[in-house]
Amino acid sequence: MKDQHYIRENGEPKRRIFGLSIAATAMFFLLLTRLWYLQILESENLLDQSENNRLRFVPVAAPRGAILDRNGKVIVSNSPSFSVAVIPQDVKDKDALIDRLSRYLNLDRAELLDKWRKGRGRAKYYPIIVASGITRDQLEFLEENRLGLAGVDIEMKPVREYSNGMLAAHLLGYLGEINEQEMDLEQFSEYNAGDYVGKSGIERSWEKELHGADGGRQIEVDARGRFLKTVTETNPTIGNSLVLTIDLDLQKETEQAFGDKAGAAVVMDVNSGEILAFASNPGFDPSLFSGRMSPEQWKSYLEDKRHPLENKALKGQYPPGSTFKVITALAGLEEGLIDENSTVDCSGSYKVGTNTFKCWNKKGHGRVNLKEALKESCDVYFYQLGERLGVDRIAAYARKFGLGEPMGIGLENEKGGVIPTIAWKEKKFGKKWYRGETLPVAIGQGYVLTTPVQLASMIATVANEGTIYRPHLVKRIVDPDGRVIREFKPQVVATTGIKPASFRAVKDGLFAVVNESHGTGAMARLYEVKVAGKTGTSQVVKLRDNQGNIPYQFRDHALFVGFAPFDKPEVAVAVIIEHGEHGGGAAAPVAGRILRAYFEEKGIIRKPVKKKEAATDTADKVDAAPDAVNEEKNVKSPE
């Protein structure tokens, strides 16, 4: 019994020791397995995490390339701007931080949260830009309270500086923060949330060249995320610069010529297609789109009846009015239906079936030939010619000049206008073409729509007698060291195939429009240089007898196209004044001022000595002969 009791008493500790040994062995095995997993299988991943806690990459935005005019004058450059960035892994209470930033910096809380949300899905140590373009006062506040704003950092980014204010705003475009849709596109794969990209104009169309490549700094931080030292640094690569075809001084004069009128103007070299001025009035301030535009400013843009945000030179589609008579005249000459001596008796109207088509001159022009019909813009002459041609032949000649399609100027969303045909109407409306519909087309009304860029190209092609150059805005691309990467040469799109004799007959009429008695374009006349051109008026609503009593938005548009010098053309211009009523009285003076500025810059016309500030209208009328000015006042031609 004693032996058995002894065995029981001594065996119990052994069993306990054995059990503990097994438990210890299992625990050790688990620890060893975990150690093996961490040291062998997860070593690289854990090392990366450790380094990420210690090392952080801070992006450094690349300055965009500059934009210069054809003479090397800077139009757009860069200036420093400060942004508020937040590093998510250092933020313990996101909502509290957002509240502080919103309250202390007077920023919209919903906007801050939206920026935070857009930055999710990236590494937690990667900074999220939550506010851009902060003021100096806001910057000072952040610096003073940095210790109480864990996770908040201040980044410096270069932003666009538009030293000329609103000048050429529609041409240059503006920048904005990249959005989620753009981030998903392949072309923006290397961009980061908070980066700025071109949203319109040159800035958008040439984004790839202007953007450059971002750099960055790899920094070491302590456990609280405080900066210790810079480990490595990669310098950003500045974007390439663009040298435009635009002449900055001419651009200024072109925009100033409009005053407070709405409209557009395009000035083009007739022998290369280079755009020398590209204006849409009124303009807007592009710098507001890169910062924080006030609701009041945005509302004023939207409610302005002159539509300042619309690029009228590129996207505005207008009936060309009597400027289109140039096409109808050339078609008639080429088809052998008229010559320069063919006449029509204008009694003030022309009847087709039961419809009566009126001439702008109710008393009629009497018997007129081609030159006189162009000079006085006789509608009846072109009604009859258009009827004989038919809409399809008129359209065929319009197409020879590139009308009805985008010109390929190099900016996004260029409009192509409309050149109607019998088949076009059938496809568009499912209806047949009626004979009477051809007559309005012959004088640039009806379904016909063109853009100012197209009209400038059309009159430039008339000036050089048949060569269509692609309108373009960029002369060359230059790298940050000033080396030319690419030079853009004139590109011939097509030739019209129209005989020189036909062009000369029409050009004689265009010369008479500006320089002879009763010409509708006398207000574009210059003494020192011979100008040729054509006025036009396009209806917005059905013809009224008294335009002055019609609300602004229903008044006729005023147009003028022209070129100079007449004997050896260099420059072409197309001007449209929205709701300007009379081409001769509203658009022609603007074109005359633009052409005067062009030749003053070349030294062909001497610049006047400025003694006192004179009214624009008076300066314009000096260029017209006294009898021509009186004609404009008394006749009140819609052209």
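The values are calculated or read from the model by the stated rules, or taken from the named source; none is laboratory data. Note that the structure is a prediction, hence the values are computed from the model and not measured. Cβ sites come from the backbone with ideal geometry, for glycine too, and all protein chains shown count toward neighbours.
Things to note:
- Per the listing Arg393, Arg367, Arg388, the residue uniquely basic (Lys, Arg) and out of contact with any helix residue (DSSP H, G or I) (no Cβ under 8 Å at 6 or more places or on another chain) is Arg367.
- Members of the stretch 413-431 found to be over 21 Å from Leu389 (Cα atoms) and surrounded by 16 or more Cβ atoms within 10 Å (Cβ to Cβ), listed by number: Glu414, Lys415, Gly416, Gly417
- Subset of the stretch 528-555 [at pLDDT below 90 and not polar (S, T, N, Q)]: Val540, Val541, Lys542, Leu543, Arg544, Asp545, Gly548, Ile550, Pro551, Tyr552, Phe554, Arg555
- Criterion applied to Glu177, Glu144, Glu155, Glu161 was being more than 31 Å from the chain's Cα centre (by Cα) and either at pLDDT 75 or above or assigned by TED's automatic domain parsing to the domain that holds Gly216 (or both), and the one residue passing it is Glu144.
- Residue in the stretch 190-198 that is over 29 Å from Thr230 (Cα atoms), touching a Phe, Trp or Tyr at 6+ places or on another chain (Cβ under 9 Å), touching a residue at least 24 places away in the same chain (Cβ under 8 Å) and crowded, with 17+ Cβ neighbours inside 10 Å present: yes
- Here Ile498 does not fit the description of being assigned to a strand (DSSP E or B) and not assigned by TED's automatic domain parsing to the domain that holds Leu172.
- Residue within the stretch 230-249 that is surrounded by fewer than 16 Cβ atoms within 10 Å (Cβ to Cβ), outside any strand (DSSP E or B) and free of Cβ contacts under 8 Å to residues at least 24 places away in the same chain present: no
- Residue within the stretch 360-374 that is farther than 22 Å from Ala512 by Cα, assigned by TED's automatic domain parsing to the domain that holds Gly466 and touching a Gly at 6+ places or on another chain (Cβ under 7 Å) present: no
- Subset of the stretch 320-344 [touching a residue at least 60 places away in the same chain (Cβ under 8 Å) and either out of contact with any strand residue (DSSP E or B) (no Cβ under 9 Å at 6 or more places or on another chain) or acidic (Asp, Glu) (or both)]: Ile327, Thr328, Ala329, Leu330, Ala331, Leu333, Glu334, Asp339, Glu340
- Selection status of Leu112, closer than 25 Å to Leu175 by Cβ, in contact with a strand residue (DSSP E or B) (Cβ under 7 Å, 6 or more places away or on another chain) and at pLDDT 75 or above: yes
- Residue satisfying all of: in the stretch 211-236; among the basic types (Lys, Arg) and over 20 Å from Ala150 (Cβ atoms); modelled with the highest pLDDT among these: Arg217
- Any hit, the stretch 404-411, residues being outside any loop (DSSP other than H, G, I, E, B) and either free of Cβ contacts under 8 Å to residues at least 24 places away in the same chain or of a type in the set (Gly, Ala, Ser) (or both): no
- Residue satisfying all of: in the stretch 171-189; in contact (Cβ under 8 Å) with a residue 60 or more places away in the chain and surrounded by 15 or more Cβ atoms within 10 Å (Cβ to Cβ); nearest to Thr254 (Cα to Cα) among these: Leu171
- Listed by position, the helices (runs of 4 or more DSSP H) inside the stretch 250-341 whose residues that are over 20 Å from Pro471 (Cβ atoms) number at least 2 are 287-290, 295-303, 325-334.
- Residue within the stretch 541-559 that is under 25 Å from Arg470 (Cβ atoms) and either not assigned by TED's automatic domain parsing to the domain that holds Arg606 or not in a helix (DSSP H, G or I) (or both) present: yes
- Candidates Ala331, Ala398, Ala373, filtered to the one that is at pLDDT 95 or above, buried (at least 23 other Cβ atoms within 10 Å of the Cβ) and under 30 Å from Gly201 (Cα atoms): Ala398
- Pairs linking a residue in the stretch 425-450 that is assigned to a helix (DSSP H, G or I) to a residue that is crowded, with 17+ Cβ neighbours inside 10 Å and of a type in the set (S, T, N, Q), with Cβ atoms under 7 Å and 6 or more positions apart or on different chains, are Ala442/Thr328.
- Of all residues in the stretch 334-361, those that are charged (D, E, K, R), under 42 Å from the mean Cα position of the chain (by Cα) and modelled with pLDDT under 95 total 2.
- Among the numbered conditions (1) part of a helix (DSSP H, G or I); (2) under 17 Å from Ile87 (Cα atoms), the only one that Met156 does not meet is (1).
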